[in-house]
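Heads up: the structure comes next, in structure tokens.
Just so you know, all these numbers are worked out from the coordinates, no wet-lab data involved. Values in this document were obtained by computation on a predicted structure and should not be read as measured data. Ideal geometry is used to build each Cβ from the backbone, glycine not excepted, and the neighbour counts take in all protein chains shown.
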Amino acid sequence: MKNIVLIGMPAAGKSTIGVLLAKSLGFEFIDTDLIIQKQTGRLLQDIIDSDGLDAFCIAEERAILSVSETENAVIATGGSAVYSREAMLYLKKNGAVYYLSLPSEELLPRLKNIKTRGIAMRKGQSVEEVFKNRRALYEEYCDIEVDCHGKTAEETVAEIADYHRMIGAK
């Protein structure tokens, strides 16, 4: 069966939902943010602060491209993964891409640690601006948009699992 790739804004729940989804389907769980940290030996925010956004995006692309071709994995990407066309096409090659969609009003309260979380954004840029810039990319690369507004993680997991069983059988 194909992989499940989760994309969306920081705090949309990609890692949380990814772990629960992997457990419920018996899939492997891969978090590309953790791969970046392992490959670089640094925290995401440290890379952004010290080396800049462009260097971070290069590290993110490398991390994604280092994920060996696998099956039956849930892959949670960083929110900025969609900035790399090469990385997204690589993920789509053997995976169904699900965009975890939330309105910015629901995302903002979840971003309590914006200064340390490792959010790929330019200095002076607001979260709303980042969201506006990325939304079209999330929609372009996703196979299925999952509206997470007002849903629990468990409800979202059940919805994605149902979708995936339908498309995985084709």
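Counted by neighbouring Cβ atoms within 10 Å, the residues 90, 141 run from fewest to most as 90, 141.
In terms of distances greater than 21 angstrom between alpha carbons, the cross-link table entries 23/151; 38/93; 14/92; 14/123 yield 38/93; 14/123.
By the Kirkwood approach, averaging reciprocal distances over each pair of separate Cα atoms, segment 5-62 gets a hydrodynamic radius of 12.5 Å. The fraction of all Cα pairs in the chain landing in successive 10 Å bins from 0 to the largest distance is 10, 42, 37, 10, 0, given as whole percents.
As a proxy for reagent exposure, ranking 4, 48 by other Cβ atoms within 10 Å from fewest up yields 48, 4. Ranked by how many other Cβ atoms sit within 10 Å of their own Cβ, fewest first, the residues 156, 70 fall in the order 70, 156.
Here r is the Cβ-Cβ distance between residue 58 and residue 106 and R0 is 25 Å; the resulting FRET efficiency, rounded to 0.05, is 0.25. For residue 62, what is the net charge nearby, where nearby means another residue's Cβ is under 12 Å from its Cβ and Lys, Arg count +1, Asp, Glu -1? Here the count lands on -2.
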